[in-house]
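The values are calculated or read from the model by the stated rules, or taken from the named source; none is laboratory data. Being a predicted model, the structure only gives us computed values, none of them experimental. Cβ placement follows ideal geometry from the backbone for every residue including glycine, while neighbour counts extend to all protein chains displayed. Only protein heavy atoms, including side chains, enter the accessible area calculation; ligands, DNA and RNA are left aside. Shrake-Rupley method; radii C 1.70, N 1.55, O 1.52, S 1.80 Å.
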Amino acid sequence: MIIRQEAPADYAAVYDLVKEAFASVEHADGNEQDLVNALRAGDAFLPELSLVAELDGKLAGHILFTRAKVGADEVLVLAPLSVRPEYHRRGLGTALIREGHKIAVSLGFPYSLVLGSETYYPRIGYIPAERLGVTVPDGIPSANFMAIQLREDAAPISGTVTYPKEFGL
């Protein structure tokens, strides 16, 4: 498996990958691939944190972290994480997350937040965000709104999350 930064030449294939990955997901809204395109065009986009996983010469996964705020502090939000269904349960998602975290630390980001599966993300170290002082957005189950401290020297955070406008939250 090769994990690398997404390149503009990958955009069409990533669009299809994200669409396929979310086609049968219970809580998907069907617009995740359009969210990726919108985030790429927005101010919160960090090219270094848009990663793809190649397996057998094919794009098998994609992850995107973008800038957000908790109170006045800059953090990252992980969304979306996409793995083609035929590559599930091979560790691609975990590998993408770990590589993204490594890059995020090198860029100085202290925390990452995610709205996702309460059974999947804790395996990588995410905990309920409210335990770190982050206010859970209205209408979101607290078990699904998680965060991870990326840097040991991270100052405590607290407050409400301000997502990039492309999320519509």
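Structure values in brief
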item: Residue within region 121-137 that is modelled with pLDDT of 95 or more, assigned to a loop (DSSP other than H, G, I, E, B) and within 13 Å of the chain's Cα centre (by Cα) present; result: yes
item: Scope region 124-141; condition under 18 Å from G71 (Cβ atoms) and out of contact with any Gly (no Cβ under 9 Å at 6 or more places or on another chain); matching residues; result: P128, A129, E130, R131, L132, V136, P137, D138, I140
item: Selection count, region 142-157, where residues are surrounded by 12 or more Cβ atoms within 10 Å (Cβ to Cβ) and either over 21 Å from T119 (Cβ atoms) or in contact with a Gly (Cβ under 8 Å, 6 or more places away or on another chain) (or both); result: 7
item: Enumeration of residues in region 8-63 that are open to solvent by less than 40 Å² (accessible area, probe 1.4 Å), touching a Pro at 6+ places or on another chain (Cβ under 9 Å) and not hydrophobic (A, V, I, L, M, F, W, C); result: E32, Q33, R40, G42, H62
item: Failed item in (1) touching a strand residue (DSSP E or B) at 6+ places or on another chain (Cβ under 9 Å); (2) of a type in the set (V, I, T); (3) over 25 Å from V14 (Cβ atoms); (4) open to solvent by 30 Å² or more (accessible area, probe 1.4 Å), with V70 passing the rest; result: (4)
